[in-house]
Structure formats: structure tokens, C-alpha cells
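First up is the structure itself, then whatever we jot down about it.
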Amino acid sequence: MSFNQHWMQRDLNVLWHPCTQMKDHEQLPLIPIRRAEGVWLEDFDGNRYLDAISSWWSTLFGHCHPYINERIKQQLDQLEHVMLAGFSHQPVIELSERLVALSPEGLNRVFYADNGSSSIEVALKMSLHYWRNMGQAKKKRFATITQGYHGETVGTMSVSDIALYTQTYEALLFDCIKVDSPDCYYRDEDSSWEAHSRRMFEQMEATLAEHHHELAAVILEPLVQCAAGMRMYHPVYLRLLRDACDRYGVHLIVDEIAVGMGRTGTLFACNQAEITPDFMVLSKGLTSGYLPLAAVLTTDTVYEAFYDDYTKLNAFLHSHTYTGNPLACTAALASLELLTESTVLTDNQRLAQCLADSTSHLSEHPHVAEVRQTGMILAIELVQDKATKTPFDWRERRGLRIYEYSLSQGALIRPLGNVVYFMPPYTISPEQIQRLAEIATQGIDLATRS
């Protein structure tokens, strides 16, 4: 028995893995990782895998980055944890100051949670509670766009729209208004991304006009709907939405959990639309994948609606045990320093172009409907019929074939259904990108054979 097999068997005896049909592992080997460095993961048998997806979109600067490591080690000798109710500490103060300084103008208050789903719940609760405190308790519904994903807690599933994750739990979910996504994959052949996004906004405008009296907020992922298969749209949609939310008196919540921290080419996706939302939610890359942390940034206007005498019972009484954990905040500070005090964003422009160049040939592949890109996110949509964009039957699990092939070639490429995508660490090299493109091409050829 190999070292991998030893640890795999011990794992399968006791663990239940996320987002997994565990029976798959009767045929599909589970890979126990012993160590990691940079863009590489290494298993117990010494095999290495190039991490093309930043370990669920979070490890911005790769694994075991020496600067982030050292900062956490230093903090560990000072303070590992303290409750944030009635107490504070240096890392959480400095991180909050840094986020306020870097975020779109007007986001001056930061509230912390410890994961993406929880932070979305915070934003939803804050918005609803704000309107209650302002004497408008009827504003308690939410609107969103189809194909959205915001997490897997009950509240976040309610404002999401991917049946695979939500349909089973429908009885638990609250009612949400869903408007057709501006997803540019479905645009007319002669329509630009901008024109399509503008046209698709008409339905959102009509929804706000009809329901604004009962809507607390609109929530969406800006620019890229990641879990839906990296579906993308033009920033003009966000500009139109910000204007409409202002006109109709509805909050705007942007979920930047996956697309923030430089991933779309700017520090925040909102920057490309030059807007300030009422709530901006961050997680994943906030700590470069080191430790669980999430932040909800909001305005002084929202904050002041809760600032009152205790007896008025207007306080936001939401908490998590590990809110603002010092080690997590230190990791976030180190990650932000790497992101903003270097040439990373400029370097990423070159890497993004390398991603585009290395995969451009796939646009001509008979089973590729589209190769699309926003910053350091590139997606390749596989289809059965290119002319009609007829998808492969999901039960054929063609993406799984690519995943297995990529592992055999030393790469972690984990398609979303029939969408192959790259969301690599910012420390990847052009040569490594080219190798990933070669592996993906070979995997696509293999998986799309009849």
C-alpha cells in the first residue's frame, strides 16, 4: 500500500467531504496532500499538481508564501484570539483602516464574519434591519439575478439560483425575486457585451419600479457569476443598477467573495463600474486562502441607523465566535500588502494576456462554444453542438474526465460541469500557464470524443 493509499483509506473511514458524492471515491482516488509551495500541491507519494484554480479561488499568492507565513508566526506569539465584543486588537483595527482606504469611496464601516456564506447573511440582515430601524418594515424582500450563487446557508441559498445546490432545500428558503441574468454567453451574434447587458437591465428596471416599496436590496456577483460556470457580463449593468437602486430607494449588495482582491483585473470588481455599493462582501482571497475570514463593508448611513440608546433595541446583535480573529486579520493584512504595495495588478495584466493567448486556439474547437475572460478568470464552454450551443448531457460528466486527465498530467483543473476554467494564483508563470493550456486542450479532446 502506497502512502497515498494509506492516508486515503484513513480519510474514507471517517470523513464526509464537501461538494462531493462520496460514492465517486469507490473509483476516483482521493488525493491526500502532504505539503504545498507556490503554485504546487504535493501528495504523500511525491506527485505534484499545478493548482490552476487557487484551491477554490482563494490562494492569491500561492501556497505557503514566506511573507504571509512570517507575519502569522509573529502574530501567533502575540495574540491568537480574543472576543471582539467589548474588546479589540491591533490587526483588526489596521485591517479595517486598510479596507476602508482601499474600497470604493463611502464604504467606511467594516463588520467581520468568518466565511463567505455568513458574511452574505450579515449583509442581508443588515439591509432588512436598516429599513426596520428607519420605520419601513415592509421593505423585507430581496431581488437577485438568475444563475447567482452566494453560499449554502439557508439565507444565502434563498438569494441564489443554482438548482443543484438549492432545489433539495426549497422548503427552507424564503421568497426572492429573480431577474434574468445579463450573462453575455446568450447574447445575439451581432450584439456586444455592453449592448446585451444594457438590454438585459430593462427587466431589472421594471422589477425595481414594481417592487421597490417591498425590496430591501438587490444582491448579485459583479461581472462574473462564478459557480454558474464563470458566466460574465459588462460593467455597464452595475452602473445602471446603482443608479436605479438610488432612484427607487433600494440597497445594492455586491458579493465580491470570489471576484474581489484583484481577480477581475482591478482591486475590486466594482471599480470597473466606478460605483459604491451599499454593502460589499469579501472573503476567500482576503486572507489569500490562509484562514477563514470575511468582511462586510458598508456606509456611515447604514451604520448610523443602528447607533442608538440600548433600550431602543436597534443594535445589530449578530456575532460569530471568531469574528475578526487576530491571526486571520494578520494574514489579510499581509495579503493586502502584497497586493497593493507591489506590481501585482500590473503583472496580472500580462498573465491575463498569456491566459488568452495560450487558449485562443480553442475558440476553433468543434466542441467549444466560447472562450471568455475577465482579468485572471478564463473559462472554456464545452458543448455538444457548436452552432446551436446545445450542451452535453450533464450525466455524461465530461468535465470529470478532464479533471481526471489533468491530475494524471500533474495539474489541478476542476471544471464546473462542462465549463473548463482557469483561476490561478497570481504567482503563476507564463510557462506554467502554457502547460495548463496544453493539458486542458488534451483533456478537452479526450473528453469530447463520442
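The values are calculated or read from the model by the stated rules, or taken from the named source; none is laboratory data. Since this is a predicted model, take the numbers as computed values, not measurements. Note: ideal-geometry Cβ built from the backbone for every residue, glycine included; neighbour counts use all protein chains shown. We work out accessible area using only protein heavy atoms, side chains counted, and drop any ligands, DNA or RNA first. Shrake-Rupley method; radii C 1.70, N 1.55, O 1.52, S 1.80 Å.
Would you calculate, for the chain, the mean residue ellipticity at 222 nm contributed by helices, counting each DSSP H stretch of 4 or more residues as -39,500 (n - 2.57) and dividing by all residues, to the nearest 500?
For the chain, the value works out to -11000 deg cm²/dmol.
I'm checking a number: the convex hull volume of the Cα atoms of the range 234-288, normalised per residue, in Å³. What is it?
About 63 Å³ per residue, rounded to a whole number.
Taking θ as phi - 60°, what are the ³J(HN,Hα) couplings along the range 363-378 by the Karplus curve (6.51, -1.76, 1.60), each to the nearest whole Hz, with x for Gly and Pro?
4, 8, 5, x, 10, 10, 7, 6, 10, 10, 8, 9, x, 8, 10, 10
In whole Å, what three semi-axes, largest first, describe the equivalent ellipsoid of the range 372-417 built from its Cα gyration tensor (square root of 5 times each eigenvalue)?
So the equivalent ellipsoid measures 20, 17, 7 Å along its semi-axes.
Can you tell me the Rg and the Dmax, both Å, for the Cα atoms in the range 90-167?
Cα-based Rg and Dmax for the range 90-167 come out at 15.0, 43 Å.
Step through the table entries K139/K284; K178/K312; K284/K312; K140/K178; K138/K284; K73/K125, compare each Cα-Cα distance with 26 Å, and write down the pairs that go over it.
Table pairs above 26 Å Cα-Cα are K139/K284; K178/K312; K284/K312; K138/K284; K73/K125.
Regarding the range 288-428, what whole-number volume in Å³ per residue does the convex hull of its Cα atoms give?
That works out to 220 Å³ per residue.
Taking the Cα of Q434, stepping 7 Å toward and past its beta carbon, and measuring to each backbone N in the range 331-373: which are under 19 Å?
Output list for this probe position: 348-363.
What are the ³J(HN,Hα) values, in whole Hz, obtained from phi via the Karplus relation 6.51 cos²θ - 1.76 cosθ + 1.60 with θ = phi - 60°, for each residue of the range 285-298 in sequence order, with x given for Gly and Pro?
Karplus-based 3J(HN,Hα) across the range 285-298 equals x, 4, 9, 6, x, 6, 9, x, 6, 9, 9, 10, 9, 9 Hz.
Label points 7 Å out from Cα along the Cβ direction at S360 and T301: separation in nm?
It works out to 4.5 nm between the two label points.
With a cut-off of at most 14 other beta carbons within 10 Å, and DSSP calling the residue loop, which GluC sites (Glu not before Pro) in the range 93-201 qualify? Please list them.
Listed in order of number, the matching sites are E105, E189.
How would the range 164-268 be classified by its alpha-carbon gyration tensor: rounded, prolate or oblate, with rounded meaning a/c under 1.5 and the a/b versus b/c comparison settling the rest?
Note, shape of the range 164-268 comes out rounded.
Extending each Cα 7 Å along its Cβ direction at L400 and E202, get the distance between those two points in nm, one decimal.
4.2
Using the Cα centre of the chain as the reference point, and only Cβ charges (+1 on K/R, -1 on D/E), how large is the resulting charge dipole? Debye, rounded to the nearest 20.
With only Lys, Arg, Asp and Glu charged at Cβ, the dipole is about 500 debye.
Chymotrypsin sites (Phe, Trp or Tyr not before Pro), restricted to the range 1-52: which are DSSP loop and have at most 15 other Cβ atoms within 10 Å? Before the final figure, lay out the partial values.
Working: sites: F3, W7, W16, W40, F44, Y49; in loops: W16, F44.
Hits after loop and neighbour filter: W16.
Once you have a ≥ b ≥ c as the square roots of the Cα gyration tensor eigenvalues for the range 319-370, tell me rounded if a/c is under 1.5, and otherwise prolate or oblate according to whether a/b is larger than b/c.
It comes out oblate by the Cα gyration axes.
Any idea which of I93, Y149, H65 is furthest toward the positive side of the dipole for the chain, if Lys and Arg beta-carbons carry +1 and Asp and Glu beta-carbons -1?
Y149
For the range 12-170, with only Lys/Arg (+1) and Asp/Glu (-1) charged at the beta-carbon, what is the dipole magnitude about the Cα centre, in debye rounded to 20?
That gives the range 12-170 a dipole magnitude of about 860 debye.
What relative contact order, as a whole-number percentage, does the range 73-199 give when Cα pairs under 8 Å and 6 or more residues apart are counted?
Working: 106 pairs, mean separation 19.1, N = 127.
Relative contact order comes out at 15 percent.
Given springs between every Cα pair under 10 Å in a Gaussian network model of the chain, which of G229, G135, G38 has the largest fluctuation?
Per the Cα network of the chain with a 10 Å cutoff, G135 tops the list.
If you plug each phi of the range 209-219 into the Karplus form 6.51 cos²θ - 1.76 cosθ + 1.60 with θ = phi - 60°, what whole-Hz ³J(HN,Hα) values come out, in order, with x for Gly and Pro?
So the J values, rounded to whole Hz, are 4, 7, 10, 4, 5, 10, 8, 7, 7, 9, 10.
Apply the a/c threshold of 1.5 to the C-alpha gyration tensor of the chain and tell me whether it is rounded, prolate or oblate.
oblate
Which residues' amide hydrogens lie under 5 Å from the amide hydrogen of L416, considering only partners 5 or more residues apart or on another chain, with H built in the peptide plane?
Here Y421 satisfy the definition.
Rounded to the nearest 20 debye, what is the charge dipole size of the range 112-249 about its Cα centre when +1 sits on each Lys and Arg Cβ and -1 on each Asp and Glu Cβ?
Roughly 560 debye for the range 112-249.
Any idea of the accessible area per residue across the range 188-292, 1.4 Å probe, to the nearest Å²? List each step's numbers first, then the result.
On the way: 3300 Å² over 105 residues.
Computed with neighbouring chains in place, this is 31 Å² per residue.
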